[in-house]
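One structure is given here, and the rest of the page talks about it.
Quick note: the coordinates plus some simple rules give every number you see, no bench work behind them. All values derive from a computational prediction rather than experimental measurement. Positions of Cβ are generated from backbone atoms using ideal geometry, with glycine treated the same way; all protein chains shown enter the neighbour counts.
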Amino acid sequence: MEKIITHNFKQTQKIGQNFAHEILTAKPGQSTVILALQGDLGAGKTTFLQGFAKGLGIKEVVNSPTFVIMKRFKITPRSSLRAKRSNLMFKNFYHFDLYRLNNPQEILDLGFGEIIKNPENIVAIEWPEKIKEILPKDAILITFDHLEPISAKGDGEAKENKREIKIDTF
């Protein structure tokens, strides 16, 4: 398990971006890459995924799909040297936010079963505990924890948002 401490949203996004680069440069696998992001509201899950999407070369704004449950983004080859060395087999990035999910059947109705079987997809799931019984066992578990905010000059106003990010598998 890898543990990382970040002190602000930019650092959290940078960790996400670097993690995307690791996935893109890894040896191609035979299965879908699935990220399961756990943590309280405001813990940094979507912030991490904003950086992750940037690392995939996605230019669109990535916000949490809380009300629509799922968003799909196209992954296109980039012209940079890093992209030329990257694993370009990935075509789609799916972002699921299951906070409002009432029943695991709801995600299956969105085609989740087919999405997670396609090795051309990278799938990120916020609130994966809501579908634990149907989540593949090889999902990469990323846990976000609030640590005490650091205040500047003792004035009690939080200037930074310290987080601990743990990356593991289920």
At a Cα cut-off below 26 Å, give the lysines reachable from LYS59, other chains included and same-chain residues fewer than 8 away excluded.
LYS10, LYS14, LYS27, LYS45, LYS71, LYS74, LYS84, LYS91, LYS117
Once fully extended, how much extra length lies between VAL61 and LYS91, figured as 0.36 nm per residue of separation less the alpha-carbon to alpha-carbon distance?
9.0 nm
Considering Cα pairs under 8 angstrom that are at least six residues apart, work out the relative contact order of the range 2-169 and quote it in whole percent.
32
Diffing the range 8-15: the Karplus 3J(HN,Hα) column from phi (6.51, -1.76, 1.60, θ = phi - 60°), in whole Hz with x for Gly and Pro, holds 7, 5, 5, 5, 5, 5, 5, 4
Filter the trypsin sites (Lys or Arg not before Pro) in the range 1-74 down to the DSSP loop ones having no more than 14 other Cβ atoms within 10 Å, then list what survives.
LYS59
FRET efficiency, 1/(1 + (r/R0)^6) with R0 30 Å, evaluated for ILE134 and LEU41 via beta carbons:
0.80
Okay, which of the range 1-23 sit inside 17 Å, backbone N to the point 7 Å along the Cα-Cβ direction of LEU147?
1-16
